[in-house]
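Bear in mind these aren't lab numbers, they're just calculated from the coordinates by the rules spelled out. From a predicted model like this one, the values you see are computed outputs, not experimental measurements.
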Amino acid sequence: MTVAKILDWYNGLPFIARLLIQIFGGYIVGGVYRILKFIETKNVITLVVGIIGIATGIGNVVVWAIDLVSIILHKKYVYFVD
């Protein structure tokens, strides 16, 4: 499976599924999503936020909260994702 197909699969999930994934596993999924998005777009900020979201404690919580707001308001990741 290619990176684009994985991202399309995740973005194609129903809103409630993405919301539940974000609530219970978003601290990992958000970081992985950004790293995969970096592979596709080569935007370094996306990679840095993805690594911070996975590897650091406080960064993990901050990125999780930003992603939760993003999912609720826009139904997808929009902040720090290019």
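If you stretched the chain out fully between Ile16 and Val44, how much longer would it get, using 0.36 nm times the residue separation minus the C-alpha to C-alpha distance? Can you show the working numbers first?
Details: separation 28, 0.36 × 28 = 10.08 nm, distance 2.98 nm.
Computed gain between Ile16 and Val44 is 7.1 nm.
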query: What aspartates and glutamates sit close enough to Lys5 to cross-link, taking a C-alpha to C-alpha distance under 17 Å and skipping anything fewer than 8 places away on the same chain?
result: Glu40, Asp82
- request: Could you work out the relative contact order of the chain, using alpha carbon pairs under 8 angstrom and six or more residues apart, expressed as a whole percent?
  value: 31
